[in-house]
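Student: Below are the structure tokens for one structure; questions will follow.
No lab work stands behind these numbers, since they all come straight from the coordinates. Note that this is a predicted model, so its numbers are computed, not measured. All Cβ positions, glycine included, derive from the backbone under ideal geometry; neighbour counts span all protein chains shown.
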Amino acid sequence: MLPGVFRPYDRDRTVAVENADGRTRGLGVAGELAFVKDGEEYALRVSAEADGSLWAVIADGTSGVSSYRFRFLKPGVPDAEGRLTVDFNRALLPPCAFAEHFICPFPPPGNRLPFDVPAGERNLLAR
């Protein structure tokens, strides 16, 4: 777990991202979730839900290798100062990992972490 801070944009923005069905669509982003790992600062573009909770689409060094090609991270609701915890153990498989009829956004630019995240949900179990 890493301490993080939400830095909201002055207004919501939309970035164009490819989706699991091969089409490009807009993904609304409300700001950045900044955190420090091993002395380096990273900032993920995050979306916000109506209740104030944040979520991000992320990829990392394990994506498509030992984990699904991308995952969702849901760090929760920031406190009044924007602080929250970045816990990669809470990384989730997107719905499109389970069925092809779900349309999931790929990570927006900047949300591919240059390190491995060997935590959270990683792959479907073989049946």
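Student: When the chain is modelled as a GNM with alpha-carbon springs shorter than 10 Å, which of Phe35, Phe115, Phe106 fluctuates the most?
Tutor: It is Phe115.
Student: Then there is this: If you bin the C-alpha pair distances of the chain every 5 Å from 0, what whole percents do you get?
Tutor: Taking all Cα pairs of the chain, the binned fractions are 2, 11, 21, 25, 21, 13, 6, 2, 0, 0 percent.
Student: Could you run the Karplus curve 6.51 cos²θ - 1.76 cosθ + 1.60 with θ = phi - 60° over the stretch 6-22 and give me ³J(HN,Hα) per residue in whole Hz, x for Gly and Pro?
Tutor: Karplus values, whole Hz, x for Gly and Pro: 8, 10, x, 6, 5, 7, 4, 10, 10, 10, 7, 9, 5, 10, 4, 8, x.
Student: Estimate the FRET efficiency between Thr85 and Glu41 by the formula 1/(1 + (r/R0)^6), using the beta-carbon distance for r and 25 Å for R0, to the nearest 0.05.
Tutor: So the FRET efficiency works out to roughly 0.95.
Student: Which percent, nearest 5, of DSSP beta bridges in the stretch 2-97 are antiparallel?
Tutor: Taking every DSSP beta bridge with both residues in the stretch 2-97, the antiparallel ones total about 95 percent.
Student: Per-residue HN-Hα couplings for the stretch 89-98, Karplus 6.51 cos²θ - 1.76 cosθ + 1.60 at θ = phi - 60°, whole Hz, x for Gly and Pro?
Tutor: For the stretch 89-98, the Karplus curve yields 5, 8, 5, 10, 6, x, x, 5, 6, 9 Hz.
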